[in-house]
Amino acid sequence: MKLLNKNKKQISTEFKVISKNKSESIYSATSILTQNNHILIIIRDVSHSKKQIELRENFLRTVSHELRSPLTSILGFMELLIRGTAGKLSPPQKKYLKIALKSANNLKNLINDLLDLSHIKAGSLTLAHTKVNIKKLLDNLIKSLSPLTKIKNLVLSTNFQNETLSIHTDSEKLRRILLNLVSNAIKFTEKGSILISCQEKETHLEFSIQDTGIGLPENAQEIIFEKFTQLDSSPERKYEGIGLGLSIVKEL
């Protein structure tokens, strides 16, 4: 049981209540330690808001599924056109098709992010544990992101040198976590470098991403992991995206 003290003055939890007629309600309880050491407990019925969230998640999941199939076909045909399968293209035609293909790929990534997030929230995301060599994982990650870093003249590296260390985990999920974190670092770094570190602890590994980018205010360090959250959401914002990458990291 968690206890309130001077270091932890507020604790929140949720619980379900099933009535005699089998209807289910969800309540949120927050315990607050006041200045005179009294405990204030606030209980709210959050059943409606939980239902709204569930409906929204189901909607996003359904729409994402319906969009992915036709988009896959569109991407395939665009790639065939660029290769000249249906006839030779003029330089302007190929240029415009490549721009369209890039935008379509961005849309595909967005749909995949929405689906992944929905599966995680629904608890239907399965884990496939395999033996993962950490050095190879980091080296392959750096190699796959090299086109992005070359465009911005950034140095992406790792200081992890243990070539024999392996762990049992879901390699794709771990790779996705690191990929999203490093991609975020690349996005907000205009010059300099990005370093991927990994330290061996007694019972676990600790990864960290360090960059020479614009940084993040301390009061924003929690909210950036919430869905669809961006510090600058104005139409004139410099950085693209809708704020799903870090929320996927948090959930995974």
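Structural remarks
- Residues satisfying the criterion are present in segment 121-136 (criterion: buried (at least 16 other Cβ atoms within 10 Å of the Cβ) and closer than 30 Å to Ile214 by Cα).
- Qualifying residue in segment 232-241 (condition: open to solvent by less than 80 Å² (accessible area, probe 1.4 Å), modelled with pLDDT under 75 and within 23 Å of Ile142 (Cβ to Cβ)): yes
- In segment 175-214, of all residues being in a strand (DSSP E or B) and among the aliphatic types (A, V, I, L, M), the one that is nearest to Lys250 (Cα to Cα) corresponds to Ile209.
- In segment 203-221, the residues that are more than 12 Å from Ile186 (Cα to Cα) reach residues that are open to solvent by 60 Å² or more (accessible area, probe 1.4 Å) and part of a loop (DSSP other than H, G, I, E, B) with C-beta atoms within less than 6 angstrom, at least six apart or across chains, in these pairs: Ala220/Leu231.
- Selection of first residues in segment 13-36 that are closer than 17 Å to Gln52 by Cβ and of second residues that are open to solvent by less than 100 Å² (accessible area, probe 1.4 Å) and in a loop (DSSP other than H, G, I, E, B), restricted to Cβ pairs under 8 Å at least 6 apart or on distinct chains, gives the following pairs, ordered by first then second residue: Glu14/Val46; Ser25/Ser19; Ile26/Val46; Tyr27/Val46; Ser28/Val46.
- Those residues of segment 39-94 which are of a type in the set (Val, Ile, Thr) and open to solvent by 90 Å² or more (accessible area, probe 1.4 Å), in sequence order: Ile39, Ile41, Ile43, Thr85
- Counting the residues of segment 158-205 that are over 15 Å from the mean Cα position of the chain (by Cα), modelled with pLDDT of 90 or more and of a type in the set (Val, Ile, Thr) gives 7.
- Residues in segment 145-177 that are in contact (Cβ under 8 Å) with a residue 12 or more places away in the chain, closer than 23 Å to Gly192 by Cα and open to solvent by 30 Å² or more (accessible area, probe 1.4 Å): 8 in all.
- Hits in segment 95-113 - residues which are surrounded by 15 or more Cβ atoms within 10 Å (Cβ to Cβ) and among the charged types (D, E, K, R): Lys108, Asp113
- Residues that are more than 16 Å from Leu179 (Cα to Cα) and in contact (Cβ under 8 Å) with a residue 60 or more places away in the chain within segment 95-124 comprise Leu114, Ser118, Ile120, Lys121, Ala122, listed in sequence order.
- Residue check, Ser171 in contact with a helix residue (DSSP H, G or I) (Cβ under 8 Å, 6 or more places away or on another chain), of a type in the set (Ser, Thr, Tyr) and closer than 20 Å to Gly245 by Cβ: yes
The values are calculated or read from the model by the stated rules, or taken from the named source; none is laboratory data. Here the structure is a predicted model, which means the values were calculated and not measured. All Cβ positions, glycine included, derive from the backbone under ideal geometry; neighbour counts span all protein chains shown. Ligands, DNA and RNA are stripped out before the accessible areas are found, and what is left, the full protein with its side chains, is counted by its heavy atoms. Shrake-Rupley method; radii C 1.70, N 1.55, O 1.52, S 1.80 Å.
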